[in-house]
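Note sheet for the following structure.
The values are calculated or read from the model by the stated rules, or taken from the named source; none is laboratory data. Because the structure is predicted, anything quoted here is derived from the model rather than measured. Cβ atoms come from the backbone with ideal geometry, glycine included; neighbour counts cover every protein chain shown.
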Amino acid sequence: MEKIQDTFDPKPRKFIVWLFVVSSTIMFGGFTSYYLVFAASKGKGHGLVLPDAFIYSSLVIIASSISLVLAAKAMRKLNFSLQRNMLWVTVILAIAFGVMQFNAWGSMVKTGATLVGNNAAISFIYVVSGLHLLHIIGGVGLIINALVGSYKNISPAKSKYRMEIASIFWHFIDILWIYLYVFLLLNR
């Protein structure tokens, strides 16, 4: 009986991730386009001063991208201990981002800006930040997959693939959040 050789080809899998990134970009682009049309028809934006937690969460997500870059750099230098540490830092920062998003929503509720109310523009803030948070959860899953791979004895190609996929997706959701936050700031 012939032994089947393990031929790991990451290209098709990376393509799927890029398709997800493109489709998510289109989805969030559609939401922001809808918001612009809605706000123009009503003659006003959401009218809120965005919670400070959104500013802090933006800084945290930028820091998480930096830690992920450092993890990838450590892996390329075969410093797996530093890679693992930076991946753990990224996961912790991602969790902090999620907590800050919930704090921002709590601040909004305290000011009377609720998900269900008479201002659909305010509901938009909850919808896009909530959908972004779902992307964060998916990104954390990819980072944890890279982290688990760094502890296992897997092929260098698979380990590199896991880091690349986590990096592509995580940097995308980082840029996406910065875009959404700036969009919300500019369209009050």
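Numbers below:
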| read-out | value |
| --- | --- |
| Test for Ala74: is it assigned to a helix (DSSP H, G or I), touching a helix residue (DSSP H, G or I) at 6+ places or on another chain (Cβ under 7 Å), free of Cβ contacts under 8 Å to residues at least 40 places away in the same chain and surrounded by fewer than 18 Cβ atoms within 10 Å (Cβ to Cβ) | no |
| Hits in the stretch 145-155 (condition: within 21 Å of the chain's Cα centre (by Cα), surrounded by fewer than 20 Cβ atoms within 10 Å (Cβ to Cβ) and of a type in the set (A, V, I, L, M)) | Val148 |
| Yes/no for Leu87 being touching a residue at least 12 places away in the same chain (Cβ under 8 Å) and either in contact with a helix residue (DSSP H, G or I) (Cβ under 9 Å, 6 or more places away or on another chain) or not in a helix (DSSP H, G or I) (or both) | yes |
| Any hit, the stretch 165-186, residues being in a helix (DSSP H, G or I) and over 22 Å from Val22 (Cα atoms) | yes |
| Filter result for Leu68 (in a helix (DSSP H, G or I), surrounded by 18 or more Cβ atoms within 10 Å (Cβ to Cβ) and modelled with pLDDT of 95 or more) | yes |
| Residue count, the stretch 156-188 (criterion: exposed (fewer than 15 other Cβ atoms within 10 Å of the Cβ) and either of a type in the set (Asp, Glu) or in contact with an Asp or Glu (Cβ under 8 Å, 6 or more places away or on another chain) (or both)) | 0 |
| Residue count for the stretch 4-54, restricted to those that are surrounded by fewer than 13 Cβ atoms within 10 Å (Cβ to Cβ), of a type in the set (Val, Ile, Thr) and either under 21 Å from the mean Cα position of the chain (by Cα) or modelled with pLDDT of 85 or more (or both) | 3 |
| Within the stretch 145-160, tally of residues that are farther than 15 Å from Val91 by Cα and touching a residue at least 24 places away in the same chain (Cβ under 8 Å) | 6 |
| Leu48 being closer than 19 Å to Asp174 by Cβ and not hydroxyl-bearing (Ser, Thr, Tyr) | no |
| Residue within the stretch 22-37 that is assigned to a loop (DSSP other than H, G, I, E, B), closer than 18 Å to Val127 by Cα and touching a helix residue (DSSP H, G or I) at 6+ places or on another chain (Cβ under 9 Å) present | no |
| So Ala157, is it over 30 Å from Leu36 (Cα atoms), at pLDDT below 90 and either in a helix (DSSP H, G or I) or of a type in the set (Phe, Trp, Tyr) (or both) | yes |
| Residues satisfying the stated conditions in the stretch 161-185, i.e. within 21 Å of Ala39 (Cα to Cα) and free of Cβ contacts under 8 Å to residues at least 40 places away in the same chain | Val182 |
| Filtered residue count, the stretch 109-125, keeping only those that are touching a residue at least 24 places away in the same chain (Cβ under 8 Å), farther than 18 Å from Ile136 by Cβ and within 22 Å of the chain's Cα centre (by Cα) | 2 |
